[in-house]
Each structure stands twice: as C-alpha cells, then as structure tokens.
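Here, each number is a calculation from the coordinates, and none is a lab measurement. On a predicted model such as this, the values are computed, not experimentally measured, just so you know. Glycine gets a Cβ as well: all are built from the backbone with ideal geometry, and neighbour counts include every protein chain shown.
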Amino acid sequence: MIKKVSVEPGCTTCGLCEFLAPDVFEVTDISHVKKDANYVRNAEAIKEAAARCPVQVITYQDDDADSAKD
Ligand code: SF4
C-alpha cells in the first residue's frame, strides 16, 4: 500500500503526472501532491507517473515493495 508520495526538486512542469493521476498531482509552479489524495485508489496511476516522469523526481513509499520498517 502506498503511504507517502513526494515530488523531489527538479520538476520541469511537463504536466505528465497530473495527466496520469489528476487526483494526486497538481502542477502549478511545480508539481505538488494534493493533500487529500487517495493513494490506495490511485496506486497504479502513481506508480505509472513515477515511472514515466521524464526527470524521475516522483518518489513514493510502498509497503508491499519495502517491508522493512524504520
Ligand atoms: S511528470 Fe515529473 S517533471 Fe512532469 S510535472 Fe510531474 S513531477 Fe514534474
């Protein structure tokens, strides 16, 4: 389950993440993660946006992929 989504510095405001996951990302001056975004419902779109971001600045924490707790 995706717990946290972040946009690291370096976004070029291409708009792709907002196109792929409009419920999660909002591109204004840079891309932002919406406060009330539902990560569970949009998990596949988040993963696709992270994979396809041209500058690879979208990161997320996925419990299924990373079972180590800190
Ligand atoms: S896909 Fe990447 S570069 Fe494009 S708007 Fe989203 S975060 Fe920024």
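Please compute the net charge surrounding residue 11, taking Lys and Arg as +1 and Asp and Glu as -1 over other residues with Cβ under 14 Å from its Cβ.
It works out to a net charge of -3.
Helix 43-52 against the longest principal axis of the chain: what's the angle in degrees, Cα atoms only, rounded to the nearest 10?
Helix 43-52 sits roughly 60 degrees off the main axis of the chain.
Among 51, 10, 40, pick out the residue whose Cα is farthest towards the positive end of the charge dipole of region 2-62, where Lys and Arg carry +1 and Asp and Glu carry -1 on C-beta, about the Cα centre.
40
Under a point spin-label approximation (7 Å from Cα along Cα-to-Cβ), what is the residue 23-residue 3 distance to one decimal in nm?
It is 2.2 nm.
Taking only C-alpha pairs under 8 Å that are 6+ residues apart, what is the relative contact order of region 2-62 in percent?
Relative contact order of region 2-62: 47 percent.
In a GNM of the chain with a 10 Å cut-off on Cα contacts, which of 49, 37, 21 has the highest mean-square fluctuation?
37
With +1 on each Lys and Arg Cβ and -1 on each Asp and Glu Cβ, and nothing else charged, work out how big the dipole of the chain is about its Cα centre, in Debye to the nearest 20.
Roughly 40 debye, rounded to the nearest 20.
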